[in-house]
Amino acid sequence: MRLKDKVAILTGAASGMGAATAKMFAAEGATVIVTDLAVDDGAAVADDIAAAGGEARFLKLDVASETDWARVVSETVSAYGRIDILINNAGISGSHPDQLNTTTWDEQMNIYAKGVFLGMQAVIPVMQQAGRGSIVNISSISAFVGQAYVHMGYNAAKGAVRVATKSAAVQFAADGIRVNSVHPGIMPPMRNAMMSADPEGRRTRIAAVPARRAGRVEEVAYANLFLASDEASYITGIELPVDGGYLAV
Ligand SMILES: NC(=O)c1ccc[n+]([C@@H]2O[C@H](COP(=O)([O-])OP(=O)(O)OC[C@H]3O[C@@H](n4cnc5c(N)ncnc54)[C@H](O)[C@@H]3O)[C@@H](O)[C@H]2O)c1
């Protein structure tokens, strides 16, 4: 098993790519801390993992709350004595119809730029003490290019995640901590997607992807698995697109 004896915290793991990654990690031997704001769905993911013979528990976490992070890290360390992996995945859609809306800018920066920073801030001291750790920050193709249907706050926040990943990789490599970013392309719509869920718009965008299809959540989970595992032991500071060739055009 590729994550045997490892303890992993995943954010936004009640749904989509986070839930798929949580299930895959548990199947590969990790103890999984499923965190999310969505309590019922998050607990259901942990129950599914346990029913399949894996080890998981759900903890409520708002990624933008420093207090929540302190609680989740302390409960995880008390229960399991270690944190080997953090997957910073939580998020809300950036396809807001009002492209000059300030609230959307603030929300995007708060959840992505600040939330990912707070997650790293919370786990890095534990990883430093252990002399090992792997952090995967979920960014997006939107960290590289603008898109007509995406609020610029989403692009900016995902760009912040992309480069903050490199800062952390450089600053903590000597502590045995690896930090990488994964950049999904056109995937199943997010729970609160607006413009990006429109079927006609999706058809047009998918037709422009070299692979001519949307990605599957497991395809991102496999990328997360590789980067989280010791198989990637000399890989840090990279950005890995999982996008069917979107960024190669
Ligand atoms: N779906 C796509 O097309 C796509 C493409 C590129 C990147 N991404 C990124 O992938 C990640 C996962 O997206 P998904 O498609 O699985 O979305 P999703 O909507 O299915 O899941 C996101 C989860 O994050 C949770 N969440 C939202 N705000 C939170 C907060 N403040 N604290 C904790 N949890 C919170 C939600 O409750 C939800 O369970 C996100 O970072 C997203 O930006 C998605």
Next item on the list: State all residues of segment 204-226 that are within 12 Å of the ligand (Cβ to nearest atom) and touching an Asp or Glu at 6+ places or on another chain (Cβ under 8 Å); if no residue qualifies, say none.
Entry: V209, G215
Check: If you scan segment 6-64, which residues turn out to be of a type in the set (D, E) and touching a residue at least 40 places away in the same chain (Cβ under 8 Å)?
Finding: E28, D36
Checklist line | Looking only at segment 204-230, and only at residues there that are closer than 20 Å to A20 by Cα and aliphatic (A, V, I, L, M), the one that is surrounded by the most Cβ atoms within 10 Å (Cβ to Cβ) | finding: A228
Note to self: Tell me which strands (runs of 3 or more DSSP E) are completely within segment 1-78 and hold 1 or more residues being more than 16 Å from S229 (Cα to Cα), among the β-branched types (V, I, T) and open to solvent by 40 Å² or more (accessible area, probe 1.4 Å), or say none if there are none.
What the structure shows: none
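How many of the residues in segment 177-203 are more than 9 Å from the ligand (Cβ to nearest atom), open to solvent by 60 Å² or more (accessible area, probe 1.4 Å) and either modelled with pLDDT of 95 or more or within 19 Å of E219 (Cα to Cα) (or both)? Give the derivation first.
In the first step, residues of segment 177-203 are kept if they are more than 9 Å from the ligand (Cβ to nearest atom); the result is 177-181, 194-195, 197-203.
Checking the rest, the ones that are also open to solvent by 60 Å² or more (accessible area, probe 1.4 Å) come to 194-195, 198-200, 203.
Then drop every residue that is not either modelled with pLDDT of 95 or more or within 19 Å of E219 (Cα to Cα) (or both), which leaves 203.
Residues in segment 177-203 being more than 9 Å from the ligand (Cβ to nearest atom), open to solvent by 60 Å² or more (accessible area, probe 1.4 Å) and either modelled with pLDDT of 95 or more or within 19 Å of E219 (Cα to Cα) (or both): 1 in total.
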Next item on the list: Name every residue in segment 87-114 that is away from the ligand (no atom under 13 Å from the Cβ) and open to solvent by less than 10 Å² (accessible area, probe 1.4 Å), in order of residue number.
Entry: T104
Next item on the list: Would you mind stating whether A143 is under 23 Å from I235 (Cα atoms) and under 16 Å from the mean Cα position of the chain (by Cα)?
Entry: yes
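The values are calculated or read from the model by the stated rules, or taken from the named source; none is laboratory data. Here the structure is a predicted model, which is why all the values come from computation and not from measurement. Glycine gets a Cβ as well: all are built from the backbone with ideal geometry, and neighbour counts include every protein chain shown. Calculation scope for accessible area: heavy atoms of the full protein, side chains included, ligands and nucleic acids excluded. Shrake-Rupley method; radii C 1.70, N 1.55, O 1.52, S 1.80 Å.
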